[in-house]
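Visitor: Here it is, the structure, as structure tokens.
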Amino acid sequence: MEEFIQQLINGISLGSIYALIALGYTMVYGIVKLINFAHGDIYMVGAYLGFFAIAILGWPFLPSLLMAMAVCAVLGVVIEKLAYKPLRNAPRIAALITAIGVSLFLEYSMMLLVKPEVRSFPQVLSDVQYNLFGSLVISSRQVIILVVTIALMLLLQYIVHKTMIGKAMRAVSHDKQAAQLMGISVDNTISFTFAIGSSLAAAAGVLVGIYYNAINPLMGIMPGLKAFVAAVLGGIGIIPGAMAGGFLLGIVEAMVSGYGKSLYRDPVAFIILIIILIVKPAGLFGKNVREKV
Amino acid sequence: MALLSVSDLSISFGGLRAVSNLNLELNKNDLAGLIGPNGAGKTTAFNMLTGVYLPTEGDIKLDGKSLLGLKPYQINHCGVARTFQNIRLFGDLSVIDNLKIAYHSHAKYGVWGAICRLPGFYSGEKEMYEKSMELLKIFKLEHKWEELANNLPYGEQRRLEIARAMATQPRLLLLDEPAAGMNPQETHELMEMIHWIRDQFDLTILLIEHDMSLVMGVCEKIYVLDYGQIIAQGTPEEIKNNRRVIEAYLGEEAS
Amino acid sequence: MFQRKIGKQIAILAVLIIFWASVQAMVGLGIINPYYELNLILIGINIILAVSLNLINGFNGQFSLGHAGFMAVGAYGAAIITLKTQLPFGLALLFGALLAGIFGILVGLPTLRLRGDYLAIATLGFGEIIRGVIVNIDYIGGAYGLSGIPKLTNWTLVFWLTVLTVIVIANFVNSTHGRATISIRENEIAAEAMGINTTKYKVMAFSIGSLFAGLAGGLHAHYFYTIQPGTFNFLKSFDILVMVVLGGQGSITGSIIAAVGLTILSAALQKLAALRLVIYALLLVIVMLFRPQGLMGTKEFSLKMFRRKTKDKEGKQHGTAIGQ
Amino acid sequence: MLKVEDIHVYYGAIYAIKGISLEVSQGEIVTLIGANGAGKTTILNTICGLIKAKSGQIRFEGKEITGVATQELVKRGLTQVPEGRRIFANMPIYENLELGAFLNKNKKEVAAEIEKVYDRFPRLKERKNQLAGSLSGGEQQMLAMGRALMSKPRLLLLDEPSMGLSPILVKDIFSIIKELNQQGTTILLVEQNAKMALSIAHRGYVVETGRIVLAGDAENLLNSSEVKKAYLGG
Amino acid sequence: GGEEKKAADAKEIIIGGNLELSGAVATFGTAMKNGAQLYFDEVNAAGGVLGKQIKFEVLDNKSDATEAANAATRLITQDKAVAIMGAATSGNTMGYMQVATDNKVPIITPSGTALDVTVDPNTKKVRDYVFRTCFIDPFQGIVMANFATNDLKAKTAVLYVDNQSPYAKGLAQFFEESFIKQGGQILAKEAFVPEDQDFKATLTKIKGLNPDVIYVPAYYEPVGKIVKQSREIGINVPILGGDGWDSPKLPEIAGAAALNNTFFTNHYSSQQDDPTIKSFVEKYQAKFGQVPDTFAALGYDTAILLVDAVKRSEDGTPEKIKDALISAKEVQAVTGKLSFDENHNPIKGAVILEMKDGKQTYKTYVKP
Ligand SMILES: Nc1ncnc2c1ncn2[C@@H]1O[C@H](COP(=O)(O)OP(=O)(O)OP(=O)(O)O)[C@@H](O)[C@H]1O
Ligand SMILES: Nc1ncnc2c1ncn2[C@@H]1O[C@H](COP(=O)(O)OP(=O)(O)OP(=O)(O)O)[C@@H](O)[C@H]1O
Ligand SMILES: [Mg+2]
Ligand SMILES: [Mg+2]
């Protein structure tokens, strides 16, 4: 029982990282309907920016985090303007391929820029291990990431559903021309979306970089993919869904490793994922709205 | 015996009972209209008839055989074809391909015939081509056969949709607002065409329409739906003068 | 009409034979060295992969990201036959392809009710499942992969199998069955209402597509001596997808052009290491920005495109947007 | 109030509007009628900045607005009810209405506007929490009208507002248009239903394949034999 | 035309590099390339070999076996390389070795440790043209198993392996065999993939099993995280590994304290007083600004072996270079004095290093 709870903690902690990355993913998708494959790489760039500030410039944690978020917000907006905006009226798949292109571009220009090797963060956030009920272990960083994830989820949910800019985002996502007729600037709204999404990715990058203490130019690929899976699992475009999807994926992985065979972790996790999708074709939180005929 | 008989058909979306206890009977060769205020449930009724929605209650029988639970394509194979309120053509395909696709269930060759280009393929394709062209002539679209469906003007898209439904060789044709977006001139031509295909192809037609000139001009029998229920049925004359229909749908001073 | 078709077919066949024979001769004379030959073979394999994925993604409009998985099934299926039995190579290839096709049906049936990105994730997951399972089966080499596979694939075989793939898929697509497949992409609800059994045609597109991916896998395995699960990861699926989209979804000739172009590009940039991927990425973005519908859109490349300008209408047959 | 001078519009290679000039004065209802594909929608979209004209000039309240962004025009009091409703399907009715007043930051005013719309279209009030996408065609049209009114436009462009509506609603819609006009909104109305449109309009233009072929007082047009033949069904 | 130009007549001697410069293990390939380049530059500066300069032509194999075959074909047929160095992983080496064999060009993999690389598992015959600079899996696995039983007195162990790496699986297999043979017990075999960040689920399970030691044959990046996270959840038993651990990054990632009580097998110790090692470490640091890891050292050594063989081949043809490699004797290199055994594996001993406060300390030397 105790081990089960420990595994649950492990799963939630792993899942909160997937969720953290998935939040930005799902928000950009929800508004622009673009699977932004470069999201995982912005996360990587964010991690490097944080590394640069903390390890090279010797900045404290918080300013470094904010700087990484701000720079990535700009980066996201620039990428959108250069690579995605011209394709707004093109088939969706074209933008997807461009996103793959942007993703490769970020990975390999970073590889040229910072070399392929791993970097590790100086220890800026103190890490305390708490022992609960004897042998249960939980670390302060796990708690921080979990709290940040939930807080950001709530914040995003609030922005998208309760604020006027959020409503504008949803309007743009549904029909750009009609949104313009409401007086909404489509360009500004989409830029805003990318800015938020990318700064979330950067925050995730810095936090995860510090938590696992190793970053490299290809570090965004797998978490990016897993986060995408998490976002889809929760119902892509749905913000609480991304978080639930991330937690679920993390817990599934932890349980398979802990009780099944870690050798088969990924295949089993994917099988469970596919089964969930077959039962709930629009993801956990997605309503399977039939197109009105 | 009635060709189509709908008994106590109902459907709810969440709390909203969009159609309730709908009863309809169409005999062979009927040309009937289904009218009613916006949101009365007309399109929803069509969707149940064609298997897009599964009714919560009631039954639909075509020639005595229940259509309940069949998939849309199976219902089409039983002889029911339809058009859509929001045009749903195969937009990036040519006009003639739109028809050939509808002929698919009557194709005379199989997958192997296609891949190996057996002689049956060529004769089958030729037959489809000729049949499609015939239909296009009837619908006055033959000169546009190579055009992409999306590039047709609205009125022609509506005609193409009807032609496409005809290509599945139905016994019962359901038309959802066929004259929407047409000007009076075009509407008039459409009326004549509906009449003509009914006679020519021995069809039964049920149509939804808000253009009263068309409904009153072409339908022999009219059902009026309001809040999911039939509030009146009868000949155009009877309907025109029905108080409830005037109140709910036609409005005063209906001339 | 029938007569004219035969004439056209003979002409195409003649062109193909001439092309094949001249390459064969140049290989014999050493004008085409083994490196160029290898790239010719890679081009052929990539064409098979791209055209078969195009059937699923381009013509049927389903978003599959698991093509590398089917390729892996074909590669392992065929390699196991040659390594562990005495059966001839032809049967091994056939076995691999059929196995992949069967997997296509197995994956297709349950997942086809998913749409768009959900289907993409399910197929991607499937590809990863295949890989994850292969890594753990020692009988087929596990993480080491299978090596010592005899080099039975050669230029002639690849060339004619590529031709066969293109013909089969083109013939399928240009038939009533192909149109049924395409109608699902255009508007699934309307297709269903017009009497098209959409499930049947989705599964069909999926299984034919994966069958040929399996064939490509078998050819691949028997050219490169060794196969490893890592080769067939999701990045490989992306590569194939890029070819399809770049060439134009729904254009067979587009896929062919893109497969040829990207294979050559990859070879040309080989010396540049990380820089090569930067260049590749930039090219990808630029091409998509200038031709979002892909190089060919849904059109097919044909000589008619040039003839039309001078001699209108006349030359046209019952050609359609689907192309001939 | 609105002055369009010799605009030419292309869709890629398609030459859709071939030199159109028209004028709408303060307080008027002006209608554009014409067959399918004549270019009516294109004209409206060009006026409100959704499409760029290749050449020509558009002036609104004396100021040049060619090339001005749509959202800017909305701010200046020009908006459109687009063809085919274009409501935000995955949002409830009330959010659609809120978005109509996107530029108005005064919450109280917005709430009051919404109430006004509800009064005009009680059906919308009944369903205010229903997702707009599941409304019937007619209900959606009402929502589209109501949403445009939320920005309190001075010039309202209406693109086929009667399409797909029941006869009773068509009458309603037209009387609403008239009423709006009487309350001071200038209206440019595009209609298939030429008879109805001309009966409430002051002036009209007849568009055919991208050109204006006829213009004049609504009454004259209503009685002109060409119009009768082509657009009034005999 | 130019076809006939034999390597012997060319102005330069072309040595190919078939390395992972992009993709999953780009770090390894890049380090190897640097190491080798360092030595080739030294040789060229000193006048080259056989009176010619060496040109090191490196192609990227994208960490993929197929691309490796592609690159090899190009190096041999286009660039006319007389020998090829690479690839970093056993898998990618196996992907291209047949191309080299068919063309009779010798290849040396700096770090492909799998047995099958040099010996065909079906025929048990040595592959004539394939050599390696590193240990083979059995050697390291057995050495570590012996160390665990004899020095650490371990009775039970858990294997925790990189599931996608043949290297890791090979080491694990031989550790297991040898450990069991000496009376030990393997409690569980667990796996991860190299891209993993979080290992706590499996580690929690391992903790529950309470083994005497944990064997983690893998490369340093995941190892660093595994060691760190093990200690975090309270696993304090010794953790053991192989040469993939050797990197200055390891203590950075894991943290010095967490690494206490860990041991791994290696070719050499950068703390060893050996002058060859010292000068290598210094030169490498001067040129690339970082402490070399195993891969850099193995790349450097591979270059030494190749240059030595070219020198002794006298005419610089692939065939002769191969023969010269076979007869290599006690070539002084960073990772030892190298000779090849009959299976083309280097005969060299291993050191066992213990991590103490972030420093590698020399524990024992095990003779081959
Ligand atoms: N999928 C659905 N989910 C929820 N409500 C629905 C759905 N489909 C239809 N409705 C509701 O059912 C009612 C009937 O809709 P339907 O489309 O059948 O109307 P209609 O009679 O065709 O109207 P119109 O003439 O305007 O097209 C409407 O109130 C609509 O909001
Ligand atoms: N996005 C587009 N791309 C290409 N051509 C277009 C596009 N939109 C409209 N057209 C063409 O421009 C012409 C004018 O179209 P428009 O929609 O303005 O006509 P309309 O008068 O509003 O017709 P309707 O009564 O059907 O709404 C038509 O020939 C149409 O085919
Ligand atoms: Mg309807
Ligand atoms: Mg219009």
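Visitor: For a quick check: with amide H placed at 1.01 Å from N, whose amide H comes under 5 Å from E:Ala333's, ignoring anything fewer than 5 positions away on the same chain?
Guide: E:Leu338
Visitor: OK, next. Using a Förster radius of 25 Å, what is the FRET efficiency between C:Trp20 and E:Lys104 based on their Cβ-Cβ separation? Nearest 0.05, please.
Guide: Working from the Cβ atoms, E equals 0.30.
Visitor: Measuring from label point to label point, each 7 Å out along Cα→Cβ, what is the C:Thr199 to B:Asn150 span in nm?
Guide: Once both label points are built, they end up 3.1 nm from each other.
Visitor: Measuring from label point to label point, each 7 Å out along Cα→Cβ, what is the C:Ile6 to C:Trp160 span in nm?
Guide: Inter-label distance under the simple model: 2.3 nm.
Visitor: Could you sort out which of E:Lys278/E:Lys348; E:Lys52/E:Lys80; C:Lys236/E:Lys124; D:Lys18/D:Lys40 sit more than 22 Å apart by Cα distance in this structure?
Guide: C:Lys236/E:Lys124
Visitor: Then there is this: Whole-Hz ³J(HN,Hα) for each residue in region E:274-284, computed from phi via Karplus 6.51 cos²θ - 1.76 cosθ + 1.60 with θ = phi - 60°, x for glycine and proline: what do you get?
Guide: 4, x, 4, 4, 4, 5, 4, 4, 5, 4, 5
Visitor: Sticking with this one: At 37 °C and 0.692 mPa s, grab the translational diffusion coefficient of the protein assembly as shown from Stokes-Einstein with a Kirkwood Rh over Cα pairs, rounded to a whole number in µm² per second.
Guide: Estimated via Stokes-Einstein, D reaches 93 µm²/s.
Visitor: To continue, here is another question. Counting other C-beta atoms within 10 Å, which of A:Leu155, B:Leu250 has the fewest, and how do the rest follow?
Guide: Lowest to highest Cβ neighbour count: A:Leu155, B:Leu250.
Visitor: Sticking with this one: Pick out, from B:Thr56, C:Gly132, E:Ala350, the residue whose Cα sits farthest towards the positive end of the charge dipole of the protein assembly as shown, with +1 on the Cβ of Lys and Arg and -1 on the Cβ of Asp and Glu.
Guide: It is B:Thr56.
Visitor: Starting from the Cα of A:Lys280, step 7 Å along the direction of its Cβ; do the same at D:Lys125; then give the gap between the two resulting points in nm.
Guide: 3.8 nm
Visitor: Let me ask you something else. Nearest 500 deg cm²/dmol is fine: what mean residue ellipticity at 222 nm does the protein assembly as shown get from its DSSP H runs of n ≥ 4 alone, each adding -39,500 (n - 2.57), divided by its residue count?
Guide: -16500 deg cm²/dmol
Visitor: Contact order normalised by length for region C:13-308, with contacts defined as Cα pairs under 8 Å and 6 or more residues apart; what percent is it?
Guide: 31 percent
Visitor: Apply 1/(1 + (r/R0)^6) to the Cβ-Cβ distance of C:Lys151 and E:Glu282, taking R0 = 51 Å, and write down the FRET efficiency to the nearest 0.05.
Guide: The value I calculate is 0.65.
Visitor: Would you mind ranking B:His143, A:His174 so that the residue whose beta carbon has the fewest other beta carbons within 10 Å leads the list?
Guide: Listing B:His143, A:His174 from fewest to most nearby Cβ atoms yields B:His143, A:His174.
Visitor: Sequence-distant or interchain residues sharing an amide H contact under 5 Å with B:Asp63, placed H: which?
Guide: Amide H neighbours of B:Asp63, under 5 Å, 5+ apart: B:Leu4, B:Ser5.
Visitor: Whole-Hz Karplus ³J(HN,Hα) for region A:104-117, in order, using 6.51 cos²θ - 1.76 cosθ + 1.60 and θ = phi - 60°, x for Gly and Pro?
Guide: Coupling constants for region A:104-117: 4, 4, 5, 4, 8, 6, 5, 4, 5, 6, 10, 6, x, 6 Hz.
Visitor: log₁₀ I(q)/I(0) of region B:173-255 at q = 0.16, 0.17, 0.24, 0.26 Å⁻¹, via Debye over equal Cα point scatterers, no solvent, to two decimals?
Guide: One equal scatterer on each Cα of region B:173-255 leads to -0.64, -0.72, -1.27, -1.38.
Visitor: Roughly what percent of Cα-Cα pairs across region B:92-169 reach past 15 Å?
Guide: 52 percent
Visitor: With charges only on Cβ, +1 for K and R and -1 for D and E, what is the dipole size of region C:13-308 about its Cα centre, in debye, rounded to 20?
Guide: Taking the Cα centre of region C:13-308 as origin, the dipole is about 440 debye.
Visitor: Can I ask one more? What is the fewest-to-most order of B:Ser105, D:Ser55 by other Cβ atoms lying within 10 Å of their Cβ?
Guide: D:Ser55, B:Ser105
Visitor: Ok, one more. Run the numbers for A:Val143 and A:Asn89: contour at 0.36 nm per residue of separation, minus the present Cα-Cα distance, in nm.
Guide: Gain in length upon complete extension: 15.2 nm.
Visitor: Let me ask another. From Cα pairs below 8 angstrom and at least 6 apart in sequence, can you work out the relative contact order of region A:11-227, rounded to a whole percent?
Guide: Normalised by residue count, the contact order of region A:11-227 is 45 percent.
Visitor: Moving on. Report the residues of region C:79-122 in range of a label on B:Gln74: point 7 Å along Cα→C-beta, backbone N strictly under 11 Å from it.
Guide: none
Visitor: Oh, and also: Using amide H atoms built in the peptide plane, which far-off residues or other-chain residues are under 5 Å from E:Gly241 H to H?
Guide: E:Val216, E:Phe263, E:Phe264, E:Thr265
Visitor: Here's something else I'd like to know. Rounded, prolate or oblate for chain A? Axes are the square roots of the Cα gyration tensor eigenvalues, ordered a ≥ b ≥ c, and the cut-off for rounded is a/c under 1.5.
Guide: Here chain A falls in the oblate category.
Visitor: Follow-up question, since we're still on this one. For D:Asp6 and D:Glu109, what does the FRET efficiency come to when R0 = 45 Å and r is the distance between their Cβ atoms, rounded to the nearest 0.05?
Guide: 0.70
Visitor: With charges only on Cβ, +1 for K and R and -1 for D and E, what is the dipole size of chain A about its Cα centre, in debye, rounded to 20?
Guide: For this selection, approximately 860 debye.
Visitor: Where a ≥ b ≥ c are the square roots of the eigenvalues of the C-alpha gyration tensor, would you call region C:13-308 rounded, which needs a/c under 1.5, or, failing that, prolate if a/b is larger than b/c, or oblate?
Guide: rounded
Visitor: Rounding to the nearest 20 debye, state how big the charge dipole of chain E is about its Cα centre with +1 on each Lys and Arg Cβ and -1 on each Asp and Glu Cβ.
Guide: The dipole of chain E has a size of about 560 debye.
All of the numbers you see were taken from the coordinates with simple rules; none came from a lab. Keep in mind the model is a prediction, meaning the values are calculated, not measured. All Cβ positions, even for glycine, are placed from backbone atoms using ideal geometry, and neighbour counts span all protein chains on display.
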